Amino acid sequence: MPEDSGATRHDWTRDEATQIYRQPFTDLLLQAQTVHRANFEPNRVQVSRLLSVKTGGCPEDCGYCSQSARNGATLSASKLMEVERVLTEARRARDAGATRYCMGAAWREPKDRDLPALVAMIQGVRALGMETCMTLGMLSDHQVHELKQAGLDYYNHNIDTSEGFYPQVVSTRSFADRLQTLARVREAGIKVCSGGILGLGEAAGDRVDMLLALANLPVHPESVPINMLIPMPGTPLEAAAPIDPLDFVRTTALARILMPQSYVRLSAGRTAMSDEMQALCFMAGANSIFMGDTLLTAANPAEDRDRQLFDRLGIRPEDLPEAAE
Ligand code: SF4
(Lines give C-alpha, C1' and ligand atoms only; values in the text may rest on other atoms or scores of the structure.)
Protein backbone atom coordinates (compact mmCIF):
# COMPACT_ATOMS: atom_id res chain seq x y z
CA MET A 1 0.00 0.00 0.00
CA PRO A 2 1.51 3.39 -0.91
CA GLU A 3 2.60 5.42 2.07
CA ASP A 4 -0.31 7.81 2.13
CA SER A 5 -3.10 5.43 1.17
CA GLY A 6 -3.77 4.84 4.80
CA ALA A 7 -2.51 1.55 6.19
CA THR A 8 -4.14 1.06 9.58
CA ARG A 9 -1.65 1.82 12.32
CA HIS A 10 -1.84 2.04 16.09
CA ASP A 11 1.63 3.40 16.80
CA TRP A 12 1.43 7.00 15.61
CA THR A 13 3.87 9.31 17.33
CA ARG A 14 3.11 12.82 18.46
CA ASP A 15 5.79 14.20 16.11
CA GLU A 16 4.34 12.43 13.10
CA ALA A 17 0.80 13.55 13.87
CA THR A 18 1.92 17.12 14.54
CA GLN A 19 3.80 17.26 11.25
CA ILE A 20 0.73 16.02 9.40
CA TYR A 21 -1.48 18.57 11.17
CA ARG A 22 0.87 21.48 10.52
CA GLN A 23 1.78 20.85 6.87
CA PRO A 24 0.54 23.35 4.26
CA PHE A 25 -3.24 23.27 4.13
CA THR A 26 -3.63 22.05 0.56
CA ASP A 27 -1.03 19.31 1.11
CA LEU A 28 -2.97 18.18 4.16
CA LEU A 29 -6.24 18.12 2.22
CA LEU A 30 -4.65 16.18 -0.62
CA GLN A 31 -3.21 13.60 1.76
CA ALA A 32 -6.52 13.23 3.60
CA GLN A 33 -8.53 12.90 0.39
CA THR A 34 -6.06 10.32 -0.95
CA VAL A 35 -6.42 8.25 2.22
CA HIS A 36 -10.17 8.69 2.04
CA ARG A 37 -10.42 7.42 -1.53
CA ALA A 38 -8.25 4.41 -0.75
CA ASN A 39 -10.73 3.35 1.92
CA PHE A 40 -14.17 4.68 1.03
CA GLU A 41 -16.33 5.38 -1.96
CA PRO A 42 -15.87 9.09 -2.64
CA ASN A 43 -18.81 11.46 -2.43
CA ARG A 44 -20.87 9.17 -0.23
CA VAL A 45 -21.87 10.31 3.24
CA GLN A 46 -23.50 8.21 5.92
CA VAL A 47 -26.50 9.85 7.58
CA SER A 48 -27.32 9.27 11.23
CA ARG A 49 -30.16 10.61 13.31
CA LEU A 50 -29.93 11.40 17.00
CA LEU A 51 -32.76 11.41 19.51
CA SER A 52 -32.53 12.49 23.13
CA VAL A 53 -34.45 9.77 24.97
CA LYS A 54 -33.78 11.35 28.37
CA THR A 55 -32.91 15.02 28.60
CA GLY A 56 -31.36 17.17 31.34
CA GLY A 57 -30.68 16.70 35.04
CA CYS A 58 -27.33 14.97 34.49
CA PRO A 59 -25.09 14.74 37.59
CA GLU A 60 -21.87 15.14 35.55
CA ASP A 61 -20.26 18.56 35.14
CA CYS A 62 -19.09 18.60 31.51
CA GLY A 63 -18.36 22.31 31.03
CA TYR A 64 -19.91 22.52 27.56
CA CYS A 65 -23.19 20.83 28.34
CA SER A 66 -26.58 22.40 29.01
CA GLN A 67 -27.89 19.07 30.34
CA SER A 68 -25.68 19.11 33.43
CA ALA A 69 -27.59 19.79 36.64
CA ARG A 70 -24.40 21.42 37.95
CA ASN A 71 -24.18 24.03 35.23
CA GLY A 72 -26.17 27.24 35.26
CA ALA A 73 -28.20 26.24 32.22
CA THR A 74 -31.88 25.85 33.00
CA LEU A 75 -32.82 22.79 31.03
CA SER A 76 -35.40 20.82 32.99
CA ALA A 77 -34.95 17.08 33.46
CA SER A 78 -37.21 14.67 31.61
CA LYS A 79 -37.96 11.00 32.25
CA LEU A 80 -36.86 8.22 29.92
CA MET A 81 -39.01 8.44 26.78
CA GLU A 82 -41.58 5.73 26.15
CA VAL A 83 -40.45 3.00 23.78
CA GLU A 84 -43.35 3.49 21.35
CA ARG A 85 -42.54 7.16 20.97
CA VAL A 86 -38.89 6.40 20.27
CA LEU A 87 -39.91 3.89 17.61
CA THR A 88 -42.31 6.34 15.97
CA GLU A 89 -39.47 8.86 15.70
CA ALA A 90 -37.11 6.17 14.44
CA ARG A 91 -39.51 5.12 11.69
CA ARG A 92 -39.76 8.73 10.58
CA ALA A 93 -35.96 9.01 10.52
CA ARG A 94 -35.62 5.85 8.47
CA ASP A 95 -38.21 7.06 5.97
CA ALA A 96 -36.19 10.27 5.63
CA GLY A 97 -33.03 8.32 4.77
CA ALA A 98 -31.23 7.72 8.09
CA THR A 99 -29.32 4.44 8.24
CA ARG A 100 -28.26 4.69 11.87
CA TYR A 101 -30.39 5.71 14.81
CA CYS A 102 -28.59 7.11 17.85
CA MET A 103 -30.34 7.38 21.19
CA GLY A 104 -28.82 9.54 23.91
CA ALA A 105 -29.61 9.80 27.62
CA ALA A 106 -28.19 12.42 29.99
CA TRP A 107 -26.97 10.02 32.68
CA ARG A 108 -23.76 9.35 34.54
CA GLU A 109 -24.68 5.71 33.94
CA PRO A 110 -27.97 3.88 33.32
CA LYS A 111 -29.89 2.36 36.22
CA ASP A 112 -30.64 -1.33 35.94
CA ARG A 113 -34.37 -0.60 36.12
CA ASP A 114 -34.06 1.27 32.78
CA LEU A 115 -32.50 -1.65 30.95
CA PRO A 116 -35.73 -3.37 29.78
CA ALA A 117 -36.86 -0.17 28.04
CA LEU A 118 -33.42 0.37 26.50
CA VAL A 119 -33.40 -3.23 25.25
CA ALA A 120 -36.86 -2.75 23.71
CA MET A 121 -35.67 0.42 21.95
CA ILE A 122 -32.67 -1.39 20.47
CA GLN A 123 -34.75 -4.33 19.29
CA GLY A 124 -37.44 -2.07 17.85
CA VAL A 125 -35.01 0.14 15.91
CA ARG A 126 -33.17 -2.88 14.54
CA ALA A 127 -36.48 -4.34 13.40
CA LEU A 128 -36.91 -1.17 11.32
CA GLY A 129 -33.70 -2.05 9.49
CA MET A 130 -31.44 0.61 10.95
CA GLU A 131 -28.20 0.31 12.84
CA THR A 132 -28.52 1.23 16.49
CA CYS A 133 -26.30 3.43 18.63
CA MET A 134 -26.69 4.52 22.22
CA THR A 135 -24.94 7.00 24.46
CA LEU A 136 -25.83 6.48 28.11
CA GLY A 137 -22.67 7.33 30.06
CA MET A 138 -20.58 4.74 31.85
CA LEU A 139 -21.64 1.09 31.74
CA SER A 140 -21.07 -1.86 34.04
CA ASP A 141 -20.06 -5.24 32.62
CA HIS A 142 -23.50 -6.73 32.88
CA GLN A 143 -25.14 -3.66 31.32
CA VAL A 144 -22.79 -3.84 28.35
CA HIS A 145 -23.63 -7.50 28.03
CA GLU A 146 -27.39 -6.90 28.03
CA LEU A 147 -27.13 -4.15 25.44
CA LYS A 148 -25.01 -6.39 23.24
CA GLN A 149 -27.48 -9.25 23.60
CA ALA A 150 -30.26 -6.89 22.53
CA GLY A 151 -28.32 -6.21 19.34
CA LEU A 152 -26.76 -2.82 19.99
CA ASP A 153 -24.44 -2.04 17.07
CA TYR A 154 -22.58 1.05 18.35
CA TYR A 155 -21.92 2.71 21.65
CA ASN A 156 -20.97 6.38 21.74
CA HIS A 157 -18.70 7.62 24.47
CA ASN A 158 -16.58 10.65 23.59
CA ILE A 159 -13.20 11.33 25.11
CA ASP A 160 -13.98 15.02 24.50
CA THR A 161 -10.41 16.38 24.36
CA SER A 162 -6.79 15.51 25.19
CA GLU A 163 -5.93 13.83 28.47
CA GLY A 164 -3.95 16.95 29.46
CA PHE A 165 -6.77 19.42 28.85
CA TYR A 166 -9.57 17.16 30.05
CA PRO A 167 -9.54 18.31 33.72
CA GLN A 168 -10.29 21.86 32.53
CA VAL A 169 -13.55 20.59 31.06
CA VAL A 170 -14.87 17.77 33.27
CA SER A 171 -14.15 16.94 36.91
CA THR A 172 -16.77 14.34 37.81
CA ARG A 173 -15.23 11.49 35.85
CA SER A 174 -11.72 11.04 34.57
CA PHE A 175 -10.19 10.52 31.17
CA ALA A 176 -9.18 7.04 32.39
CA ASP A 177 -12.86 6.30 33.23
CA ARG A 178 -13.74 7.12 29.66
CA LEU A 179 -11.09 4.84 28.23
CA GLN A 180 -12.23 2.07 30.54
CA THR A 181 -15.81 2.36 29.31
CA LEU A 182 -14.57 2.26 25.72
CA ALA A 183 -12.52 -0.86 26.46
CA ARG A 184 -15.51 -2.56 28.08
CA VAL A 185 -17.71 -1.79 25.09
CA ARG A 186 -15.06 -3.02 22.67
CA GLU A 187 -14.51 -6.20 24.63
CA ALA A 188 -18.22 -6.99 24.48
CA GLY A 189 -18.10 -6.80 20.68
CA ILE A 190 -20.05 -3.56 20.30
CA LYS A 191 -18.65 -1.10 17.76
CA VAL A 192 -17.19 2.06 19.22
CA CYS A 193 -18.14 5.64 18.40
CA SER A 194 -15.79 8.08 20.09
CA GLY A 195 -14.52 11.54 19.29
CA GLY A 196 -14.39 14.96 20.80
CA ILE A 197 -15.26 18.61 20.78
CA LEU A 198 -13.21 21.45 19.32
CA GLY A 199 -13.39 25.02 20.58
CA LEU A 200 -13.24 24.27 24.32
CA GLY A 201 -10.20 26.54 24.64
CA GLU A 202 -7.78 23.73 23.87
CA ALA A 203 -4.52 24.26 21.98
CA ALA A 204 -3.70 22.69 18.62
CA GLY A 205 -1.53 20.17 20.47
CA ASP A 206 -4.56 19.03 22.46
CA ARG A 207 -6.46 18.31 19.26
CA VAL A 208 -3.54 16.24 18.02
CA ASP A 209 -3.31 14.42 21.37
CA MET A 210 -7.03 13.70 21.43
CA LEU A 211 -6.88 12.05 18.02
CA LEU A 212 -3.71 10.17 18.95
CA ALA A 213 -5.48 8.74 22.01
CA LEU A 214 -8.14 7.31 19.70
CA ALA A 215 -5.82 6.28 16.86
CA ASN A 216 -3.49 4.37 19.17
CA LEU A 217 -6.26 2.29 20.76
CA PRO A 218 -5.85 -1.42 19.93
CA VAL A 219 -8.78 -1.05 17.49
CA HIS A 220 -9.81 2.29 15.99
CA PRO A 221 -13.31 3.51 16.83
CA GLU A 222 -15.49 2.65 13.84
CA SER A 223 -16.99 6.10 14.13
CA VAL A 224 -15.23 9.33 15.14
CA PRO A 225 -17.50 12.32 15.74
CA ILE A 226 -15.82 15.72 15.56
CA ASN A 227 -17.98 18.34 17.23
CA MET A 228 -17.58 22.10 17.16
CA LEU A 229 -18.59 23.68 20.45
CA ILE A 230 -21.94 25.40 20.42
CA PRO A 231 -21.54 27.69 23.45
CA MET A 232 -24.65 27.18 25.55
CA PRO A 233 -25.86 30.06 27.74
CA GLY A 234 -25.38 29.29 31.44
CA THR A 235 -22.57 26.77 30.92
CA PRO A 236 -18.97 27.48 31.99
CA LEU A 237 -17.99 27.59 28.32
CA GLU A 238 -20.71 30.00 27.22
CA ALA A 239 -18.12 32.63 26.28
CA ALA A 240 -15.53 30.31 24.71
CA ALA A 241 -13.78 31.82 21.68
CA PRO A 242 -14.73 30.10 18.43
CA ILE A 243 -12.18 27.82 16.78
CA ASP A 244 -10.62 28.97 13.49
CA PRO A 245 -12.64 27.08 10.83
CA LEU A 246 -9.44 26.06 9.03
CA ASP A 247 -8.13 24.48 12.25
CA PHE A 248 -11.38 22.54 12.46
CA VAL A 249 -10.81 21.28 8.90
CA ARG A 250 -7.19 20.42 9.76
CA THR A 251 -8.37 18.33 12.71
CA THR A 252 -10.91 16.54 10.53
CA ALA A 253 -8.16 15.75 8.00
CA LEU A 254 -5.88 14.44 10.74
CA ALA A 255 -8.66 12.15 12.00
CA ARG A 256 -9.09 10.76 8.47
CA ILE A 257 -5.35 10.16 8.05
CA LEU A 258 -4.76 8.59 11.48
CA MET A 259 -7.89 6.40 11.32
CA PRO A 260 -8.27 5.63 7.61
CA GLN A 261 -11.14 3.17 7.87
CA SER A 262 -13.25 4.98 10.46
CA TYR A 263 -16.29 7.04 9.65
CA VAL A 264 -15.42 10.62 10.56
CA ARG A 265 -18.61 12.43 11.50
CA LEU A 266 -19.33 16.14 11.42
CA SER A 267 -21.50 16.33 14.50
CA ALA A 268 -22.65 19.24 16.65
CA GLY A 269 -21.84 22.73 15.47
CA ARG A 270 -22.81 22.49 11.80
CA THR A 271 -25.31 25.35 12.20
CA ALA A 272 -22.32 27.64 12.78
CA MET A 273 -20.40 26.30 9.77
CA SER A 274 -20.66 27.82 6.31
CA ASP A 275 -21.44 25.54 3.38
CA GLU A 276 -17.88 26.12 2.21
CA MET A 277 -16.45 24.99 5.55
CA GLN A 278 -18.53 21.82 5.45
CA ALA A 279 -17.39 21.21 1.85
CA LEU A 280 -13.78 21.48 3.03
CA CYS A 281 -14.53 19.00 5.82
CA PHE A 282 -15.89 16.51 3.27
CA MET A 283 -12.76 17.12 1.19
CA ALA A 284 -10.75 16.40 4.35
CA GLY A 285 -12.43 13.01 4.69
CA ALA A 286 -15.53 13.58 6.80
CA ASN A 287 -18.10 11.05 5.60
CA SER A 288 -20.91 11.06 8.10
CA ILE A 289 -23.32 13.66 9.47
CA PHE A 290 -26.26 13.91 11.79
CA MET A 291 -29.34 15.01 9.95
CA GLY A 292 -32.42 16.43 11.69
CA ASP A 293 -33.43 19.76 13.15
CA THR A 294 -32.05 19.18 16.65
CA LEU A 295 -29.06 17.37 18.16
CA LEU A 296 -29.98 16.49 21.73
CA THR A 297 -30.57 20.07 22.87
CA ALA A 298 -28.79 22.06 20.17
CA ALA A 299 -30.00 23.25 16.79
CA ASN A 300 -28.89 21.41 13.63
CA PRO A 301 -29.29 22.52 10.00
CA ALA A 302 -32.75 21.91 8.53
CA GLU A 303 -32.97 18.75 6.47
CA ASP A 304 -33.82 20.58 3.26
CA ARG A 305 -30.70 22.64 3.63
CA ASP A 306 -28.56 19.52 4.05
CA ARG A 307 -30.15 17.91 1.00
CA GLN A 308 -29.46 21.05 -1.04
CA LEU A 309 -25.87 21.07 0.15
CA PHE A 310 -25.46 17.40 -0.81
CA ASP A 311 -26.92 18.20 -4.26
CA ARG A 312 -24.62 21.17 -4.75
CA LEU A 313 -21.60 19.07 -3.79
CA GLY A 314 -22.65 15.96 -5.72
CA ILE A 315 -22.77 13.91 -2.51
CA ARG A 316 -25.12 10.96 -2.13
CA PRO A 317 -26.22 9.53 1.21
CA GLU A 318 -25.15 5.96 1.93
CA ASP A 319 -27.88 3.35 1.58
CA LEU A 320 -29.35 1.32 4.37
CA PRO A 321 -27.15 -1.67 5.26
CA GLU A 322 -27.66 -4.70 2.98
CA ALA A 323 -29.51 -6.69 5.57
CA ALA A 324 -32.09 -3.95 6.04
CA GLU A 325 -35.68 -4.51 5.03
S1 SF4 B 1 -22.18 15.66 28.20
FE2 SF4 B 1 -23.38 13.88 28.85
S3 SF4 B 1 -22.41 13.25 30.74
FE4 SF4 B 1 -21.69 15.34 30.38
S5 SF4 B 1 -23.16 16.65 31.50
FE6 SF4 B 1 -23.92 16.46 29.40
S7 SF4 B 1 -25.37 14.75 29.46
FE8 SF4 B 1 -24.10 14.61 31.31
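The values are calculated or read from the model by the stated rules, or taken from the named source; none is laboratory data. Note that the structure is predicted; figures quoted are calculated from it, not measured. Positions of Cβ are generated from backbone atoms using ideal geometry, with glycine treated the same way; all protein chains shown enter the neighbour counts.
Condition (residue is in a loop (DSSP other than H, G, I, E, B), acidic (Asp, Glu) and either surrounded by fewer than 22 Cβ atoms within 10 Å (Cβ to Cβ) or touching a helix residue (DSSP H, G or I) at 6+ places or on another chain (Cβ under 9 Å) (or both)) applied to segment 287-307: is it met by at least one residue? Yes. Of all residues in segment 124-154, those being under 15 Å from Glu82 (Cα atoms) and either assigned to a strand (DSSP E or B) or more than 22 Å from the chain's Cα centre (by Cα) (or both) number 1.
Glu41 meets the stated requirement of being more than 19 Å from the chain's Cα centre (by Cα), surrounded by fewer than 20 Cβ atoms within 10 Å (Cβ to Cβ), in a loop (DSSP other than H, G, I, E, B) and away from the ligand (no atom under 16 Å from the Cβ).
Number of residues in segment 47-90 that are modelled with pLDDT of 90 or more, more than 10 Å from the ligand (Cβ to nearest atom) and within 24 Å of Val192 (Cβ to Cβ) equals 5.
Ala77 meets all of the listed conditions (1) among the small types (Gly, Ala, Ser); (2) outside any loop (DSSP other than H, G, I, E, B); (3) surrounded by fewer than 17 Cβ atoms within 10 Å (Cβ to Cβ) but one, namely (2).
Candidates in segment 155-164 are the residues that are touching a strand residue (DSSP E or B) at 6+ places or on another chain (Cβ under 9 Å) and assigned to a loop (DSSP other than H, G, I, E, B); of these, the one that is farthest from Arg70 (Cα to Cα) is Ser162.
Please find, among Gly104, Gly124, Gly151, the residue that is among the small types (Gly, Ala, Ser), within 15 Å of the ligand (Cβ to nearest atom) and under 25 Å from Val45 (Cα atoms). Going through Gly104, Gly124, Gly151 in turn, the sole match is Gly104. All of Ala98, Ala93 fail the test of being in a loop (DSSP other than H, G, I, E, B), more than 16 Å from the ligand (Cβ to nearest atom) and touching a residue at least 24 places away in the same chain (Cβ under 8 Å), apart from Ala98. Which residues, counting only those in segment 165-201, are of a type in the set (D, E, K, R), outside any helix (DSSP H, G or I) and away from the ligand (no atom under 12 Å from the Cβ)? The one that is of a type in the set (D, E, K, R), outside any helix (DSSP H, G or I) and away from the ligand (no atom under 12 Å from the Cβ): Lys191.
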